[in-house]
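Q: Below are the structure tokens for one structure; questions will follow.
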Amino acid sequence: MTIGSTVFGYPRIGPKRELKRAVEQYWAGKIDEAALHQTARDLRARTWAELSELDSVPSNTFSFYDQVLDTSLLFDAIPQRFRDLGLSELDTYFAAARGRDGAAALELTKWFDTNYHYLVPELGPDTEFRLAGDKPIAEYREALELGITTRPVLLGPVTYLLLAKSTVPGFEPLTLLDRLLEAYVELLGRLRVEGVEWVQIDEPAFAADRTPAELNALRRTYRTVSGLPGRPKLLVTGYYGDLGEALPILASSQVEAIGIDLVSAPDTSVAIPALRDKILVAGLVDGRNVWRTDLHAALAKAAALLGSAREVVVSSSSTLLHVPYDLEAETLEPDVRARLAFARQKVREIVVLGKALRDGADGAWADEAQRQVPGPRRDDHVRARIASLRPEHSLRAPYEERAAAQQARLGLPPLATTTIGSFPQTGDIRKARAAVRNGQITEDEYGQRMRDEIGRVIDLQEDIGLDVLVHGEPERNDMVQYFAEHLEGFASTQFAWVQSYGSRCVRPPIIHGDVSRPKPMTVPWSTYAQSLTSKPVKGMLTGPVTILAWSFVRDDQPPADTANQVALALRDEIRDLEAAGIRVVQVDEPALRELLPLRRKDQPAYLEWSVGAFRLATAGATPGTQIHTHLCYSEFGEVIGAISDLDADVTTIEAARSKMEILEGLEFPRGIGPGVYDIHSPLVPSEDDMAALITEAVRAVPGERLWINPDCGLKTRGYAEVEPALRNLVAAANRVRNDL
Ligand code: GLN
Ligand code: ZN
């Protein structure tokens with residue numbers, strides 16, 4: 001690697017989600033293993049061809065499901081319960097990912113602060129690592145046969161152990177480091193024999209706060225591996241943030257190159273003497289967002305690094321796994337399109353930047369960098385509103401006053417029952433949505449079908465005896481997409497899929513300009529539902545933080561400004577819902593914790609703007625309007641204060657699996673609805689089971705502040721489970737209520 005260009009990783013699901021289709025067909029028994037491997041080979045070949053203009057091309061970035069699970073397989077750390085199934089290697093791998101025949105799947109958890117999810121390794125004192133596979137070697141050979149020399153990418157040993165969970169209480173996976181290092185050392189030796197010149201090792205765990213012991217583990221690891229005689233050259237990366245104290249540690253080892261993320265952490269200090277004889281791989285092109293790079297600024301930044309290191313290589317800021325493949329596949333409005341770059345376009349930017357840094361600006365540079373790019377669409381009305389905001393716009397009346405006004409208006413019993421919003425998305429609902437999209441039915445016909453569905457859902461809830469009803473969200477394909485389609489400043493894409501986990505992909509909308517609400521987004525559905533019943537129907541909105549978290553967000557202004565624009569649109573929606581007679585509004589914020597910055601020092605500022613946006617969205621409601629929020633989790637940890645600061649009248653959370661443990665010692669000052677029905681399982685919870693949970697909960701929360709509800713929305717379930725489960729839930733609430 002001389003001065004040049006590379007990327008830390010690339011999407012792998014396929015430009016048309018070919019891998020998703022192939023693995024799902026394989027799971028369904030429709031194609032055999034050989035056919036699945038052929039699809040995988042084609043995708044890898046295509047990726048390497050797309051990357052071949054780079055000076056250094058990564059390999060082993062492919063995965064059938066997840067790179068962390070690949071690492072578990074490579075080092076023989078697949079838990080015994082999956083091996084006991086007696087399946088082929090590939091099926092054992094998929095069993096660990098998805099569960100099978102009573103062997104529960106590995107836990108799926110968010111990957112750092114991205115929307116990707118990985119499978120958590122389960123390690124214990126008896127875990128014996130050994131080099132059990134050859135995936136990095138096989139992919140290197142495969143590329144070489146196609147005439148492309150690659151740089152195998154490995155997940156770093158320290159990060160792997162830090163991502164793992166222990167099978168035994170009190171056991172620290174990091175204590176397995178020596179054993180794991182032996183296996184890595186063996187792998188590096190085999191890669192050397194294979195003729196591999198460069199290996200990339202990713203240690204993103206060091207973009208977060210780490211203890212001295214963890215930093216020591218990093219020091220020991222890279223001292224050991226970089227001191228190996230006759231090893232491949234090593235590039236160690238730590239993207240998604242600032243490497244902080246880990247950077248001097250890596251710089252003082254004998255690794256040849258260090259990769260840093262200058263987009264997530266533009267202020268990373270490279271003034272480290274030991275870096276001067278290293279190659280600095282500078283992540284200057286955003287690997288996690290979809291905007292074109294300001295090439296002039298990036299080139300200036302790269303040039304400024306030249307004095308700090310022996311060489312500078314231009315790269316993506318992280319793996320490109322988190323961005324869609326190709327802008328060319330999209331039809332978008334020209335002013336939006338001109339500002340975008342997906343993975344392929346980013347590779348082009350990196351190639352051009354690398355050449356310009358080495359050889360000076362040439363024709364290719366001029367083509368890419370001198371292009372006129374229009375600015376984001378501006379909405380002066382929204383800007384003026386934001387500028388005129390005062391603190392009182394984010395303050396509601398004191399909770400006691402609100403609670404009294406709401407009680408007078410709603411007259412709810414203690415242990416009021418409700419659901420989280422969505423009811424099962426049936427085949428008929430999906431068909432209707434597809435039909436209106438393809439023009440097979442008119443908008444009117446579609447509206448009629450949705451109203452019919454809402455009517456059925458209201459009747460069912462009345463019959464079951466729930467206290468606060470919902471319209472069931474049949475019109476929503478996705479809780480963020482729906483709002484993106486109704487707001488100005490958002491663009492939706494057709495093929496811009498990114499992997500969320502395994503075969504699951506999402507298509508985040510793009511927030512490209514100032515946000516405004518041309519007309520009410522949910523009012524007709526909610527008011528129709530309310531017209532069918534005298535019980536309160538909850539209006540149902542997605543909160544500003546979740547809308548940002550599950551979108552690609554413009555980066556020309558702070559996210560707080562964008563969140564406040566979204567909040568104003570929601571605030572107007574709540575006002576319109578109130579005017580139309582809706583007395584309860586739920587604003588979902590399941591992603592509040594997801595955007596939490598990796599480093600503690602950055603968290604207070606984030607919590608301030610995210611909580612601020614939620615409050616701006618909801619504080620326009622009159623005291624008599626009951627504001628609910630829903631979070632999909634219960635391990636509040638460091639965000640508990642922020643959740644309370646949301647100042648919602650009622651907060652519904654997931655709690656069924658943890659058996660109400662969350663309530664212990666939780667002094668939550670307002671209404672709370674710890675889920676009593678685990679909707680992630682197809683099992684129908686019994687009345688007795690739920691009554692036991694509710695009895696547990698009333699010990700911790702007074703009845704008039706305790707809500708009885710499922711853990712989350714019901715859209716992924718079927719009516720065959722949902723109906724009996726909700727009947728049991730209402731019966732359980734009635735039983736405990738009568739004993740109060
Ligand atoms: N209201 C949404 C639903 O019920 C909430 C979904 C979520 O929490 N992710 O589907
Ligand atoms: Zn949820």
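Q: Given Glu462, Glu475, which one is of a type in the set (D, E, K, R), more than 16 Å from ligand 2 (Cβ to nearest atom) and out of contact with any Ser or Thr (no Cβ under 8 Å at 6 or more places or on another chain)?
A: Checking each option against the conditions leaves just Glu475.
Q: With the structure loaded, tell me whether Glu594 is more than 28 Å from Leu410 (Cβ to Cβ) and within 16 Å of ligand 2 (Cβ to nearest atom) or whether it fails that test.
A: yes
Q: May I pose another question? How about segment 582-689: which strands (runs of 3 or more DSSP E) wholly inside it have at least 3 residues that are of a type outside the set (Gly, Ala, Ser) and within 17 Å of Ile708 (Cβ to Cβ)? Break it down stepwise before answering.
A: Working: elements: 584-588, 626-630, 650-653, 671-674.
Per the criteria, 626-630, 650-653.
Q: Here's something else I'd like to know. Out of all the residues in segment 701-723, which are under 18 Å from Ser422 (Cβ atoms), away from ligand 2 (no atom under 16 Å from the Cβ) and of a type outside the set (A, V, I, L, M, F, W, C)?
A: The answer is Gly718, Tyr719, Glu721, Glu723.
Q: Continuing with this model, one more query. Every residue in segment 358-382 that is under 28 Å from Ala569 (Cα atoms), in contact (Cβ under 8 Å) with a residue 12 or more places away in the chain and in a helix (DSSP H, G or I), please.
A: Passing the criteria: His381, Val382.
Q: Related question: For segment 437-475, which positions are away from ligand 1 (no atom under 16 Å from the Cβ) and either of a type in the set (Ser, Thr, Tyr) or surrounded by 22 or more Cβ atoms within 10 Å (Cβ to Cβ) (or both)?
A: Thr442, Tyr446
Q: Here are some residues: Val270, Val285. Which one is farther than 30 Å from Ile511 by Cβ and not acidic (Asp, Glu)?
A: Selected residue: Val270, the only one of Val270, Val285 that is farther than 30 Å from Ile511 by Cβ and not acidic (Asp, Glu).
Q: Among (1) charged (D, E, K, R); (2) within 15 Å of ligand 1 (Cβ to nearest atom); (3) surrounded by fewer than 22 Cβ atoms within 10 Å (Cβ to Cβ), which single condition is Glu654 missing?
A: That leaves (3) as the condition not met.
Q: Next question, about the same structure. Find all pairs meeting these conditions: Cβ atoms under 9 angstrom apart; at least six residues apart or on different chains; first residue within segment 170-198 and at negative phi and aromatic (Phe, Trp, Tyr); second residue assigned to a helix (DSSP H, G or I) and modelled with pLDDT of 95 or more.
A: Tyr184/Pro157; Tyr184/Thr221; Tyr184/Thr224; Tyr184/Val225
Q: Take Ala104 and tell me if it is in contact with a Leu (Cβ under 8 Å, 6 or more places away or on another chain) and farther than 30 Å from Val314 by Cα. First the steps, then the outcome.
A: Working: in contact with a Leu (Cβ under 8 Å, 6 or more places away or on another chain): no; farther than 30 Å from Val314 by Cα: yes.
Against the criterion (in contact with a Leu (Cβ under 8 Å, 6 or more places away or on another chain) and farther than 30 Å from Val314 by Cα), Ala104 does not qualify.
Q: If Arg737 satisfies every condition in (1) more than 16 Å from ligand 2 (Cβ to nearest atom); (2) at pLDDT below 95; (3) not in a loop (DSSP other than H, G, I, E, B) but one, which is the exception?
A: Exception for Arg737: condition (2).
Q: Just checking, does segment 697-713 include any residue being at pLDDT below 90 and more than 14 Å from His630 (Cβ to Cβ)?
A: Of segment 697-713, the ones at pLDDT below 90 are none.
Looking for residues that are at pLDDT below 90 and more than 14 Å from His630 (Cβ to Cβ), one finds none in segment 697-713, hence no.
Q: Right, something else. Quick test of your reading of the structure: Asp478 fulfils all but one of (1) under 30 Å from Gly375 (Cβ atoms); (2) within 13 Å of ligand 1 (Cβ to nearest atom); (3) outside any loop (DSSP other than H, G, I, E, B). Name the failing condition by number.
A: So the condition that Asp478 fails would be (3).
Q: Out of segment 401-426, which residues are in a helix (DSSP H, G or I) and either surrounded by 11 or more Cβ atoms within 10 Å (Cβ to Cβ) or at pLDDT below 95 (or both)?
A: Glu401, Arg402, Ala403, Ala404, Ala405, Gln406, Gln407, Arg409, Leu410
Q: Here is a follow-up. Only one of (1) within 28 Å of Leu646 (Cα to Cα); (2) modelled with pLDDT of 90 or more fails for Phe668. Which number is that?
A: (2)
Matching residues to (1) over 25 Å from Phe206 (Cβ atoms); (2) more than 16 Å from ligand 1 (Cβ to nearest atom):
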site	(1), (2)
Gly581	yes, yes
Leu595	no, no
Arg600	no, yes
Pro604	no, yes
Trp609	yes, yes
Thr618	yes, no
Pro623	yes, yes
His630	yes, no
Gly637	no, yes
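Q: I would also like to ask the following. Starting from residues that are polar (S, T, N, Q) and within 26 Å of Gly455 (Cα to Cα), keep the ones in segment 524-557 and report whichever is surrounded by the fewest Cβ atoms within 10 Å (Cβ to Cβ). Break it down stepwise before answering.
A: Residues of segment 524-557 that are polar (S, T, N, Q), as a first pass: 526-527, 530-531, 533-534, 542, 546, 551, 557.
With the extra rule that they be within 26 Å of Gly455 (Cα to Cα), the set shrinks to 526-527, 530-531, 533-534, 542.
Values: Ser526: 25, Thr527: 19, Gln530: 22, Ser531: 13, Thr533: 13, Ser534: 7, Thr542: 27.
Looking at the filtered set, the residue picked out is Ser534.
Q: Specify the residue that is surrounded by the most Cβ atoms within 10 Å (Cβ to Cβ); the eligible residues are those in segment 183-200 that are in a strand (DSSP E or B) and not polar (S, T, N, Q).
A: Residues of segment 183-200 that are in a strand (DSSP E or B), as a first pass: 198-200.
Next cut, not polar (S, T, N, Q) only: 198-199.
Numbers: Trp198: 21, Val199: 25.
Looking at the filtered set, the residue picked out is Val199.
Q: Next up: In the set Phe82, Phe94, Phe112, which member is free of Cβ contacts under 8 Å to residues at least 24 places away in the same chain and more than 24 Å from Leu191 (Cα to Cα)?
A: Details: Phe94 fails: free of Cβ contacts under 8 Å to residues at least 24 places away in the same chain; Phe112 fails: free of Cβ contacts under 8 Å to residues at least 24 places away in the same chain.
Unique residue meeting the criteria: Phe82.
Q: Could you tell me whether Lys355 is outside any loop (DSSP other than H, G, I, E, B) and more than 17 Å from Ile510 (Cβ to Cβ)?
A: Numbers: outside any loop (DSSP other than H, G, I, E, B): yes; more than 17 Å from Ile510 (Cβ to Cβ): yes.
Spelling it out, Lys355 is indeed outside any loop (DSSP other than H, G, I, E, B) and more than 17 Å from Ile510 (Cβ to Cβ).
Each row is one residue, and each column tells you yes or no for (1) without any contact (Cβ under 8 Å) to a residue 24 or more places away in the chain; (2) within 26 Å of His471 (Cα to Cα); (3) of a type in the set (Val, Ile, Thr).
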residue	(1), (2), (3)
Asp645	no, no, no
Thr652	no, yes, yes
Arg670	no, yes, no
Leu683	no, yes, no
Ala697	no, no, no
Arg705	no, yes, no
Gly713	no, yes, no
Arg717	no, yes, no
Ala733	no, yes, no
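Q: Would you say Arg451 is more than 29 Å from the chain's Cα centre (by Cα) and basic (Lys, Arg)?
A: Working: more than 29 Å from the chain's Cα centre (by Cα): yes; basic (Lys, Arg): yes.
Criteria met by Arg451.
The values are calculated or read from the model by the stated rules, or taken from the named source; none is laboratory data. Since this is a predicted model, take the numbers as computed values, not measurements. Cβ: placed from backbone, ideal geometry, glycine included. Neighbour counts: every protein chain shown.
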